[in-house]
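*Asks:* Next up is a structure, given as structure tokens.
The values are calculated or read from the model by the stated rules, or taken from the named source; none is laboratory data. These figures come from a predicted structure and were not determined experimentally. Reconstructed Cβ throughout: ideal geometry from the backbone, glycine too, with neighbour counts over all protein chains shown. Ligands, DNA and RNA are stripped out before the accessible areas are found, and what is left, the full protein with its side chains, is counted by its heavy atoms. Shrake-Rupley method; radii C 1.70, N 1.55, O 1.52, S 1.80 Å.
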Amino acid sequence: MQLNPEQIDAVRTTSGPLLVLAGAGTGKTRVVTERIAQLIRLGIRPERILAVTFTNKAAREMQDRVKARLGQTVQTRPETSTFHSLCVRILRRQIQLLGYPSQFVICDRGDQESLAREVLQKYKTLTSITPGDLVNRISRWKCAAVRSNEALNHLDPSSASDYIFAMAYGQYQKQLKLRGEVDFDDLLLLTEEVFAKHPEALRAEAGRFDHILVDEYQDTNLSQYRIIKALAGKHKNICVVGDDDQSIYAWRGAEVEHILHFAEDWPGTKTVRLVRNYRSTQPILDWANRLIHLNRVRYKKRLVSPNGGDPPHIEAFDDDDTEASKVVENIHTRLHTEKGLKAGDIAILFRTNEQPRPFELHLRALNIPYAVVGGQSFFDRKETRDIISYLKLFNNPNNDIALLRIINTPKRGIGETTIQRLRESASKENISLWKALCAQADQNDKLSQFRAMMERYSHLLRRQFTVDNVRGFIEAIDYEKEIERLFPGDGERQRRMESLADIVNAVGSYLKDSNGETSLREFLDQTSLGEPDFGREKEDRRENAVTLMTLHAAKGLEFREVYMVGMEEGLLPHKRSILDLAASAIEEERRLCYVGVTRAKRRLTLTLAKHRLKWGKMRQSIPSRFLFELTGDTENPTYIKILSGAFDMRGADPKKGPRTRKRG
């Protein structure tokens with residue numbers, strides 16, 4: 001497919017600040033790829049080009065496309081990565097300036113909660129805050145670039161628990177630094193801090209690149225915005241690609257204002273609008289355009305498509321179970337009657353994680369394969385976390401959290417009394433648990449055997465990080481026996497064994513895909529960022545299943561047929577946004593609806609339930625305002641009642657659902 005005139009304009013604008021407003025389905029990834037190729041054709045050395053995106057999948061796709069486009073004619077490659085991967089590489093070179101070791105460890109979620117649990121011990125008589133609550137609050141602060149010494153300025157003064165959150169945040173951060181550890185959000189904050197406090201480090205890092213491209217710029221948070229601005233500040237050869245109409249991540253710190261104010265930040269900006277949609281039919285886009293036009297804070301643009309087709313349709317059912325039943329029956333019928341349609345061509349999209357359960361039941365009943373996207377992460381499984389904890393210890397034996405997790409996993413006769421003695425000794429001597437263990441190993445056969453095994457594989461894997469050596473270590477600790485002990489059922493045991501094999505496969509994929517030196521430490525970095533490819537054949541298996549996923553997770557994807565379910569006030573838009581007095585809250589929900597609509601290529605169905613089971617009782621539902629906006633029926637009395645507050649969500653009892661307010 002040839003580039004259209006707008007795409008050509010974006011590709012050939014190779015100097016100065018460039019804003020590419022790329023509407024849904026308008027070929028932005030191709031534009032980024034072609035623009036990188038154009039820069040190289042003009043003589044820019046590939047390694048002087050930085051391309052940054054948000055997800056590992058997007059970065060991988062960009063890398064593959066650039067590689068295919070350039071072929072074998074270019075020996076070096078542009079630096080293409082996620083924000084967090086970029087920051088890891090920067091911090092490995094510069095973090096010592098902030099008092100951290102260059103061999104810092106990146107904590108996973110489990111490590112964070114373990115540390116949070118320790119911190120909260122100090123406040124256990126004052127609060128019922130859980131470790132998960134604390135980790136979530138700290139993450140929200142960090143995504144908004146609020147550091148621990150600033151948290152007290154961002155509190156509700158009437159809330160005692162808010163004060164404890166802030167104090168615990170400070171203790172949490174102090175302990176991380178003492179242990180030489182950082183969490184996922186620190187990768188951005190600390191990079192920003194290095195640039196702000198150490199101009200020489202900024203000059204060194206910014207001097208590595210002559211051109212910077214940022215994909216999905218509307219999703220940047222404050223730290224990401226500052227990092228990019230610092231890196232491109234001298235040469236100003238910055239190209240950002242994004243769509244303000246698809247900014248749906250404010251809840252994790254994204255600020256749509258960054259793309260809306262780009263021209264103000266970068267004087268002399270050229271703006272190119274991509275509006276030719278190659279994904280959806282024009283009737284689907286007509287609904288999407290009509291909806292998003294109602295947002296007041298946005299760039300004006302209208303998507304167009306050469307593809308004709310049937311208009312979307314809306315179906316209302318009596319209750320939520322009937323909604324699920326009828327949608328699944330419709331899918332079943334179409335799979336058997338529509339030529340060429342496969343289960344993987346279909347998606348059921350919903351606003352909240354509670355909605356898919358009845359759809360799963362009916363899909364199972366009709367034996368339709370399906371995949372729920374966003375379930376338990378591979379990295380959250382016990383066997384994965386156990387093996388990764390071993391690898392973390394091989395890399396850094398002073399990781400107390402990892403040691404406590406696996407010291408007696410699988411069972412090796414090291415009991416709680418021995419472990420408590422080690423903890424007391426480590427605390428008294430102010431040393432790591434590993435050093436305490438080594439000091440006591442000569443008087444304890446079990447500890448001595450464990451120390452010998454750990455030292456052997458630590459030396460081996462740090463020297464030769466290979467598939468065979470990883471497999472050999474897993475066999476040496478006899479982890480399969482642990483799975484047989486914990487999961488006697490054949491089905492679950494088999495799944496757990498497959499997960500064990502996936503860890504070895506991940507090492508193989510990492511070694512195969514690595515362009516440079518390989519090491520245990522680098523593998524652990526990628527694991528902490530969620531990057532290793534645990535078998536792309538899993539994605540292939542998903543292609544043969546109906547996809548169930550949230551609207552947030554669907555961004556960037558496309559499906560031949562889409563069912564958007566639960567189109568009701570309180571679900572979409574979500575109740576929290578309805579209760580929020582800020583107009584921006586509803587505007588983001590409208591953008592979320594827009595994202596869902598524009599996932600559909602050929603067929604779009606929107607459904608709602610007139611009654612929905614809430615708190616064990618059937619409650620009457622209110623049609624989503626977005627249904628009226630999509631269809632242009634904004635003079636409808638029901639729509640006017642919703643906007644005027646005749647249907648009162650504000651004072652609703654959650655056990656009773658929304659009530660109708662009488663107006664005098």
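*Asks:* What residue, of Ser114, Ser139, is surrounded by fewer than 21 Cβ atoms within 10 Å (Cβ to Cβ) and modelled with pLDDT of 90 or more? It would help to see each step written out before you state the result.
*Replies:* Values: Ser114 fails: modelled with pLDDT of 90 or more.
Just one listed residue meets the conditions, Ser139.
*Asks:* Would you confirm whether or not segment 519-536 contains a residue that is modelled with pLDDT under 80, charged (D, E, K, R), exposed (fewer than 15 other Cβ atoms within 10 Å of the Cβ) and within 30 Å of Ile248 (Cβ to Cβ)? It would help to see each step written out before you state the result.
*Replies:* As a first pass, look at segment 519-536 and keep what is modelled with pLDDT under 80: 526-536.
Next, from what is left, pick out any that are charged (D, E, K, R): 531, 533, 536.
This time we only want the ones that are exposed (fewer than 15 other Cβ atoms within 10 Å of the Cβ), so: 536.
Filter once more, keeping what is within 30 Å of Ile248 (Cβ to Cβ): 536.
Yes; the residues of segment 519-536 include at least one that is modelled with pLDDT under 80, charged (D, E, K, R), exposed (fewer than 15 other Cβ atoms within 10 Å of the Cβ) and within 30 Å of Ile248 (Cβ to Cβ).
*Asks:* Exactly one condition in (1) without any contact (Cβ under 8 Å) to a residue 24 or more places away in the chain; (2) within 26 Å of the chain's Cα centre (by Cα) is false for Leu155; which is it?
*Replies:* (2)
*Asks:* With open to solvent by 10 Å² or more (accessible area, probe 1.4 Å), of a type in the set (Gly, Ala, Ser) and under 24 Å from Glu6 (Cβ atoms) as the only criterion, which of Gly253, Gly242, Gly268, Gly233 stands out?
*Replies:* On the way: Gly253 fails: under 24 Å from Glu6 (Cβ atoms); Gly242 fails: open to solvent by 10 Å² or more (accessible area, probe 1.4 Å); Gly233 fails: under 24 Å from Glu6 (Cβ atoms).
None of the others qualify; the one that does is Gly268.
*Asks:* So, one more: Across segment 318-341, what is the total count of residues that are open to solvent by less than 70 Å² (accessible area, probe 1.4 Å), of a type outside the set (A, V, I, L, M) and either in contact with a Cys (Cβ under 7 Å, 6 or more places away or on another chain) or assigned to a loop (DSSP other than H, G, I, E, B) (or both)?
*Replies:* So the first thing to find is which residues in segment 318-341 are open to solvent by less than 70 Å² (accessible area, probe 1.4 Å), and the list is 319-320, 322-325, 327-328, 330-332, 334-335, 338, 340-341.
If we keep only those that are of a type outside the set (A, V, I, L, M) too, we end up with 319-320, 322-323, 325, 330, 332, 334, 338, 340.
Narrowing further to those that are either in contact with a Cys (Cβ under 7 Å, 6 or more places away or on another chain) or assigned to a loop (DSSP other than H, G, I, E, B) (or both): 338, 340.
Here the count works out to 2.
*Asks:* Residues being among the small types (Gly, Ala, Ser) and open to solvent by 60 Å² or more (accessible area, probe 1.4 Å): count how many of those fall in segment 117-136.
*Replies:* To start, the set of residues in segment 117-136 that are among the small types (Gly, Ala, Ser) comprises 128, 132.
Next, only the ones that are open to solvent by 60 Å² or more (accessible area, probe 1.4 Å) stay: 128.
Here the count works out to 1.
*Asks:* Here is a follow-up. Would you call Ala263 closer than 22 Å to Arg12 by Cα, open to solvent by 10 Å² or more (accessible area, probe 1.4 Å) and part of a helix (DSSP H, G or I)? Full working, then the answer.
*Replies:* Values: closer than 22 Å to Arg12 by Cα: yes; open to solvent by 10 Å² or more (accessible area, probe 1.4 Å): yes; part of a helix (DSSP H, G or I): yes.
Spelling it out, Ala263 is indeed closer than 22 Å to Arg12 by Cα, open to solvent by 10 Å² or more (accessible area, probe 1.4 Å) and part of a helix (DSSP H, G or I).
*Asks:* A further question on this structure: Pick out the one residue from Glu315, Glu354, Glu383 that is closer than 30 Å to Cys107 by Cβ, surrounded by 14 or more Cβ atoms within 10 Å (Cβ to Cβ) and of a type in the set (D, E, K, R). Talk me through it step by step, then tell me what you get.
*Replies:* Values: Glu315 fails: closer than 30 Å to Cys107 by Cβ; Glu354 fails: surrounded by 14 or more Cβ atoms within 10 Å (Cβ to Cβ).
Every option except Glu383 fails the conditions.
*Asks:* Here is a further query. For residues that are open to solvent by 20 Å² or more (accessible area, probe 1.4 Å) and either touching a Pro at 6+ places or on another chain (Cβ under 6 Å) or more than 21 Å from Asp108 (Cβ to Cβ) (or both), tally how many sit in segment 142-155.
*Replies:* So the answer is 8.
*Asks:* Kindly provide the set of residues from segment 342-358 that are out of contact with any Leu (no Cβ under 6 Å at 6 or more places or on another chain) and either in contact (Cβ under 8 Å) with a residue 40 or more places away in the chain or assigned to a helix (DSSP H, G or I) (or both), ordered by number. Step through it out loud before you land on a result.
*Replies:* Here is the first cut: in segment 342-358, the residues out of contact with any Leu (no Cβ under 6 Å at 6 or more places or on another chain) are 342-347, 350, 352-355, 357-358.
Across segment 342-358, the qualifying residues are Lys342, Ala343, Gly344, Asp345, Ile346, Ala347, Phe350, Thr352, Asn353, Gln355, Arg357, Pro358.
*Asks:* I've got another one for you. Taking into account only those residues within segment 398-422 that are more than 15 Å from Ile387 (Cβ to Cβ) and hydroxyl-bearing (Ser, Thr, Tyr), which is least open to solvent (accessible area, probe 1.4 Å)?
*Replies:* Top of the filtered list is Thr418.
*Asks:* Of the conditions (1) open to solvent by less than 20 Å² (accessible area, probe 1.4 Å); (2) at pLDDT below 90; (3) out of contact with any Phe, Trp or Tyr (no Cβ under 9 Å at 6 or more places or on another chain), Arg69 fails just one. Which one is it?
*Replies:* (1)
*Asks:* Could you run through segment 433-478 and say how many residues are closer than 16 Å to Leu511 by Cβ, assigned to a loop (DSSP other than H, G, I, E, B) and open to solvent by less than 60 Å² (accessible area, probe 1.4 Å)?
*Replies:* The number of residues fulfilling the criteria is 2.
*Asks:* Give segment 623-660 a look and list any residue that's at pLDDT below 85 and open to solvent by 90 Å² or more (accessible area, probe 1.4 Å), or say none. Let's see the steps before the verdict.
*Replies:* Kept after step one, since they are at pLDDT below 85, are these residues of segment 623-660: 644-660.
Correct list: Arg650, Lys655, Lys656, Arg659, Thr660.
*Asks:* What are the pairs with Cβ atoms under 6 angstrom where one residue, in segment 556-584, is on the phi > 0 side of the Ramachandran plot and the other, located anywhere, is hydrophobic (A, V, I, L, M, F, W, C)? Sequence gap at least six, or different chains.
*Replies:* Matching pairs, first to second residue: Gly566/Phe350.
*Asks:* Still on this structure, please answer the following. Those residues that are of a type outside the set (A, V, I, L, M) and closer than 24 Å to Lys614 by Cβ, I need them from segment 322-357; list them, please. It would help to see each step written out before you state the result.
*Replies:* Restricting attention to segment 322-357, the residues satisfying the condition of being of a type outside the set (A, V, I, L, M) are 322-323, 325-326, 329-330, 332-334, 336-340, 342, 344-345, 350-357.
Once the filter is applied, which keeps residues that are of a type outside the set (A, V, I, L, M) and closer than 24 Å to Lys614 by Cβ, segment 322-357 yields Thr322, Glu323, Ser325, Lys326, Phe350, Arg351, Thr352, Asn353, Glu354, Gln355, Pro356, Arg357.
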